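Quick notes on the structure that follows.
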Amino acid sequence: LCGDLKKQMPFLFSLLCLQVIKCKAAVLWEANKPFSIEEVEVAPPKEHEVRIKIMATGICRSDDHVITGALAMPFPIILGHEAAGVVESVGQGVTSVKPGDKVIPLFVPQCGECKSCLNTKGNLCIKTDLGTSAGLMPDGTTRFTCKGKAIYHFLGTSTFTEYTVVHESAVAKIDSAAPLEKVCLIGCGFSTGYGAALQTAKVEPGSTCAIFGLGGVGLSVVMGCKAAGASRIIAVDINSNKFAKAKELGATDCVNPKDFNKPIHEVLMEMTGGGVDYSFEVIGRTDTMTAALACCQFNYGVCVIVGVPPAAQKITFDPMLLFTGRSWKGSVFGGWKSKDAVPKLVADYMKKMFVLDPLITHTLPWTKINEGFDLLRTGK
C-alpha cells in the first residue's frame, strides 16, 4: 500500500512521511577554522519549502570568503550554494516540484512577484539572502540543529550537507537524465560567468574582452565571450598554470601581470590599441576591479564586476574613468532569472551546446571538504 501511495499520490505520501532527518553535514563553527563533519538534524519542510537530498556540490570562492571573514555571515553555519540533488519531500502548497525530481538549489531565488523579478532587466529577487547576512529561512527560523544549537543557513541553500531545506522560490526542476555531478556547476560558477558575458555585458561579435581571474567562474566568462563571438579574449591571472585550460576554452591571449613592470591596465591598453570593449573582474579584489575598469576603451568600454566584493573595503578611483563614457556594472548569478534560466541551461548542456568537464579539476568524497578548500586556495 505504501508503495502504491508513493507512486499514485507522491505529494500526499511526502506529507505523511515528513519527519526530522539526521544526517552528516560540514559545519563551520567559527571563522578561520576547518569544517567539522557533524551529525545534524534537518527539520521537515514547512509551507512552500522543499527538502533536498544533495547528490553533488561544488566548492566556490564565495564559501571561502565566509571562512576568512571577507563575506560576513553568522556562525555556526552550513555553507555551500552550488549543488544538485533530488527532492526528498515537500511542504504544503509546493507545486513546482515533487519528491523524486532532480533539482538545483538557487542561491538567487525567483519569487516572480517582486520588482526585480517582474522587471526584464533585473534578476536579484527581494527574497535573496545575499547582502542581508540573515542566515535564516524566509520565516526567520532555521531548519538545522546540531548538538542542541541552531545552525544558520547560507544564501538560502546550504549544500555542504546530505540534506537541506530551501524555499520553493529557490529551487529549479531539471532534466531527469542530467548528470548531477556535472550540472551542479550550473547552480553558481558556470552560470555566473557565462551569463556575465552573455546576459550582463551582452558581448558582441568581433569585440575584444579581458577576463581578470581564471578560476571556474573566470573560465566560464571565457566560454561566454567565445559563445558571443568575441574576436579577442585576453585571460589575465598571476597563475600561469591556468593558461592552458583558458586557451582550450577560447582565450586567444594569456597575460601574467607579474611579467610586467607596469600596471596591468596599461599593458592591456597597449595590446589592444586603446582598451578592450568588455572587461570582467572575477576575483573579488578592489585593486583588480579598478584595473579592469581602467583597461576598458575610454568612451564605450563596459566593465563587469563578477567577483564578490570584500567586506568593509572601499574603492577609490579617478572619476574621469567614468566621465568619458565607460560603463561599470555588477552581475549576480550572471544576470539570469534563476528559476526560468537554470532548466534551460541544463537543457543546453544536454544538447552539448557547452561543456562543463574542464571546470571540474578534482572529485572528492565530501568528508574531505577541507582538502578541497586547500586545493582551492592553492590555485589547483
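The values are calculated or read from the model by the stated rules, or taken from the named source; none is laboratory data. All values derive from a computational prediction rather than experimental measurement. When we count neighbours, we look across all protein chains shown, and the Cβ atoms used for this are built from the backbone with ideal geometry, even at glycine. All accessible areas refer to the heavy atoms of the entire protein, side chains included, with ligands and DNA or RNA removed. Shrake-Rupley method; radii C 1.70, N 1.55, O 1.52, S 1.80 Å.
A few notes on this one:
- For the pair region 310-380 / region 52-123, the C-alpha centres are spaced 15 Å from each other.
- GNM flexibility winner over the chain from GLU38, GLU162, GLU88 (Cα, springs under 10 Å): GLU38
- Net charge of the neighbourhood of ASP277, taken over other residues with C-beta under 13 Å away and scored Lys/Arg +1, Asp/Glu -1, is +2.
- Cα pair distances in region 201-330, grouped into 10 Å bins until the bin that holds the longest one, percent each: 14, 49, 33, 4
- DSSP-defined beta bridges in the chain - what % are antiparallel, rounded to 5: 60 percent
- Modelled spin-label separation between LYS149 and ASN239, with each label point placed 7 Å from Cα along the Cα-to-Cβ direction: 3.1 nm.
- With 26 Å as the limit on Cα-Cα distance, the pairs of LYS127/LYS352; LYS121/LYS339; LYS98/LYS344; LYS127/LYS368 that go past it are LYS127/LYS352; LYS127/LYS368.
- Using a Förster distance of 25 Å, the FRET efficiency for LYS247-THR363 (Cβ separation, nearest 0.05): 0.60
- In whole percents, the pair-distance distribution calculated for the chain from its alpha-carbon pairs, binned every 20 Å from zero, is 29, 56, 14, 1.
- Listed residues GLY91, GLY122, GLY335, most fluctuating in the chain (Gaussian network, C-alpha, under 10 Å): GLY122
- Three-way shape label, region 22-166, alpha-carbon gyration tensor, a/c 1.5: oblate
- Normalised per residue, the accessible area of region 201-330 is 45 Å², obtained with a 1.4 Å probe and no contribution from ligands, DNA or RNA.
- Label zone at GLN19 (point 7 Å along Cα-to-Cβ), backbone N below 20 Å, region 64-87: 87
- For the chain, built as a Gaussian network whose Cα springs stay under 10 Å, the top-fluctuating residue of ALA178, ALA201, ALA312: ALA312
- Going by accessible surface with a 1.4 Å probe and the largest first, TRP336, TRP366 read TRP366, TRP336.
- The modelled label-to-label distance between GLU181 and MET55, using points 7 Å beyond Cα along the C-beta direction, is 1.1 nm.
- Where LYS98, LYS242 fall by accessible area, highest first, once all protein chains stay in place (1.4 Å): LYS98, LYS242
- Where a label projected 7 Å from the Cα of THR316 along Cα→Cβ would reach, residues of region 231-272 with amide N under 18 Å: none
- For ILE233, the residues 5 or more places off, or on other chains, whose built amide H falls under 5 Å of its own are CYS209, THR252, ASP253.
- Computed in the context of the full set of protein chains, the accessible area of region 153-264 at 1.4 Å probe radius has 49% of its extent on carbon or sulfur.
- Inter-label distance for LYS344 and MET271, nm, one decimal - labels placed 7 Å from Cα along Cα-to-Cβ: 3.2 nm
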